[in-house]
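*Asks:* The structure follows.
Values in this text are rule-based calculations from the coordinates and carry no lab data. For clarity, every value in this text was computed on a predicted model and none was experimentally measured. Please note: Cβ atoms are built from the backbone with ideal geometry, for glycine as well, and neighbour counts cover all protein chains shown.
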Amino acid sequence: MAGARAIPQLGPDDHVAGPDDAPLELIMYGDFQCPYCAASQSILRRVRERLEGRLRFAFRHMPLPEVHPLAQQAGEASEAAAAQGAFWPMHDHLYAARGRLAFEDLVAHAATLGLDAERVRAELSAGVHSERVNADERDARAAGVQGTPAFFVDGVLHDGAFDAGSLVAALDQ
C-alpha cells in the first residue's frame with residue numbers, strides 16, 4: 001500500500017503465538033465483526049500449520065466502528081479475556097460467534113470459556129481495555145492500514161492475496 005510506514009515491533013504486550021525465536025513473523029490487524037477477518041481464520045490456521053515452529057503470529061486490533069459498531073467492544077472483551085490469561089481462546093470464540101457480539105453476548109462468551117464473566121462485564125462497562133484497543137488501531141492507521149484484515153509479513157504490509165499459499169510464499173521469500 002502506497003505511503004505505508006513501519007509498524008511497531010512485537011513487544012511484551014502483543015498477543016503472539018509461536019516460538020519467540022521463529023525466523024518468520026506475521027501480524028494481522030483485525031476487527032472481530034469483519035466477515036473477511038472471520039473468513040481468514042481457517043486460512044491462518046493452515047498457514048500456521050504449514051510453518052509450525054518457524055512462524056510467530058500476532059494479532060492486533062483494528063476495529064472499524066463506522067461499518068462494524070460492535071467491533072470495539074469485542075476487542076475490549078478479548079483484552080478482558082487476556083487479563084485472565086485467555087486471549088487466544090476468546091479470539092477464536094469471537095470469530096466463531098458469527099456476529100453475536102452485543103454486550104451480553106460478550107459476557108456469555110466469557111462464561112462459556114470459564115472466565116470470570118462478572119469481571120469481564122465490569123471491565124467492559126468501565127472501558128478498562130479501550131485504550132489498549134485504540135493504541136493498536138492508531139498504530140495501524142499510522143502504518144497506512146485502511147481496512148481489515150491487514151497482514152504484515154516481517155514488518156512489511158502484504159498487499160497481495162491472503163490465501164494460504166500466497167501468505168506462505170510471502171513469508172518464505
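*Asks:* Pairs of Cα atoms under 8 Å, at least six residues apart: use those to get the relative contact order of segment 15-172, whole percent.
*Replies:* Taking the mean separation of contacting Cα pairs over the length of segment 15-172, I get 34 percent.
*Asks:* Sticking with this one: What is the set of long-range amide H partners of R56 at a cut-off below 5 Å, with H atoms built 1.01 Å from backbone N?
*Replies:* Here L24, E25, L26 satisfy the definition.
*Asks:* Also, quick follow-up: Between R48 and N134, what length in nm is gained on full extension when 0.36 nm per residue of separation is reduced by their alpha carbon distance?
*Replies:* The span from R48 to N134 would gain 28.3 nm if fully extended.
*Asks:* Across segment 47-55, in residue order, what do the Karplus-derived ³J(HN,Hα) couplings come to in whole Hz, using 6.51 cos²θ - 1.76 cosθ + 1.60 with θ = phi - 60° and x for Gly and Pro?
*Replies:* For segment 47-55, the Karplus-derived couplings read 4, 5, 5, 4, 10, 3, x, 10, 10 Hz, x marking Gly and Pro.
*Asks:* Karplus couplings for segment 35-41 from phi (6.51 cos²θ - 1.76 cosθ + 1.60, θ = phi - 60°), rounded to Hz, Gly and Pro as x?
*Replies:* Each residue of segment 35-41 in turn: x, 6, 5, 4, 5, 6, 4 Hz.
*Asks:* Taking amide H atoms as placed 1.01 Å from N in the peptide plane, list the residues 5 or more away in sequence, or in a different chain, whose amide H sits under 5 Å from that of G144.
*Replies:* For G144, the qualifying residues are R5.
*Asks:* Separate question: Which of I43, V16, F32 sits farthest toward the positive end of the charge dipole of the chain, with +1 on the Cβ of Lys and Arg and -1 on the Cβ of Asp and Glu?
*Replies:* Working it through, the farthest residue towards the positive pole turns out to be I43.
*Asks:* Normalised by the number of residues in segment 1-57, what is the relative contact order in percent for Cα pairs under 8 Å and 6+ residues apart?
*Replies:* So the answer I get is 53 percent.
*Asks:* Can I ask one more? Run the helix sum for the chain: -39,500 (n - 2.57) per DSSP H stretch of 4+ residues, divided by residue count, reported at 222 nm to the nearest 500 deg cm²/dmol.
*Replies:* -14000 deg cm²/dmol
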